[in-house]
Amino acid sequence: MALGETGNFAAYGFAPITLIAPLGCMSVTGSAFISAMFLKENLRASDVLGMTLAFAGSYLLVNFAPNISQAISARTVQYYFVGWQFLIYVILEILIFCILLYFYKRKGMKHIVILLTLVALLASLTVISVKAVSGMITFSVTDKMQLTYPIFYIMLIIMIASCVFQVKFLNQATNLYSTATVVPINHIFFTTSAIIAGIVFYKEFLGAAFLAMFIYFFGETDVG
């Protein structure tokens, strides 16, 4: 897991979020193969169909998503960080997060959609900060040192904090519902929030890959 997440982290420094996030979620299909091979679980026809669609969607994403390397410097992150699009996005995220947290904590509504939406809102901040941190480290190695800028440590703190609370809410969802239900839905929510975050913060655009995303989501749901 550590080796895989290290590779995933490094990939954000070279490619757009709209490409990396969906490909990182291919672990659902990998888990299905592992469960059949090592745990002797049965693969249903719908599972095979779902995995096929997920692979097809991923293939289309690789071909249609903006596969352009973007040099992420500290000044670039600072510029995006104070942009009006991101400020509006963060304000809306905070409002929605607080409303959902109120219903979850105060009203005792422990529906899976509420829990995984909380995870997805945190995930959008995670992917933004992961790409910023990874990009600044990459830029430091290939060009000019970026690790002395305060924005690097701000994004690092956001990355760590959002990851910790993601795990907390995801564990609560897993305790209340079956893993077979939580994992695919979480991947769909995570991928959606990651793509929106990439479009808003890094000005990425998915373009023709919207069709691929539809196929990918449909495949993930079937695997679930």
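Worth a mention:
- The mean of 1/r over all pairs of different alpha-carbon atoms in region 1-85, once inverted, gives a Kirkwood hydrodynamic radius of 15.4 Å.
- Whole-number percent relative contact order across region 2-223, with pairs defined as alpha carbons under 8 Å at least 6 apart: 39
- Additional length obtainable on full extension of the chain from ASN175 to CYS163, 0.36 nm per residue less Cα span: 2.5 nm
- Reachable lysines, given that their alpha-carbon falls under 24 Å from the alpha-carbon of LYS168 and they are not under 8 places away in the same chain: LYS105, LYS107, LYS110, LYS131
- Packing-based ranking of 143-156, 37-50, 184-197 yields 184-197, 143-156, 37-50, ordered from highest to lowest mean Cβ neighbour count within 10 Å.
- Reachable lysines from LYS40, criterion Cα separation under 29 angstrom, eight or more residues apart if same chain: none
- Cut-off 14 Å between beta-carbons: net charge of the residues surrounding LEU121, Lys and Arg +1, Asp and Glu -1: 0
- Förster-model FRET efficiency, 45 Å R0, GLN70 and LYS110, C-beta, rounded to 0.05: 0.70
- Degrees separating the helix 112-142 axis from the principal Cα axis of the chain, which is the longest one: 40
- Highest mean packing comes first when the peptides 72-78, 136-142 are listed by Cβ atoms within 10 Å, giving 72-78, 136-142.
- 0 to 90° range, to nearest 10: angle between helix 209-223 axis and the chain longest Cα axis: 40
- Theoretical ellipticity at 222 nm over the chain - DSSP helices of four or more residues, -39500 (n - 2.57) apiece, nearest 500: -26500 deg cm²/dmol
- For ALA197, net neighbour charge (Lys/Arg +1, Asp/Glu -1) across residues whose Cβ lies under 11 Å away: -1
- Contact order normalised by residue count of region 16-141, Cα under 8 Å, 6+ apart, percent: 32
- Rounded to whole Å, the principal axis extents of the Cα atoms in the chain read 52, 45, 32, largest first.
- Here the label points at LEU92 and LEU156, each 7 Å from Cα along the C-beta direction, are separated by 3.2 nm in the simple model.
Every number in this text was worked out from the coordinates using simple rules, so none of it is lab data. As the structure is a computational prediction, the values presented were derived from the model and not from experiment. Using ideal geometry, Cβ is built from the backbone for each residue, glycine included, and neighbour counts are taken over all protein chains shown.
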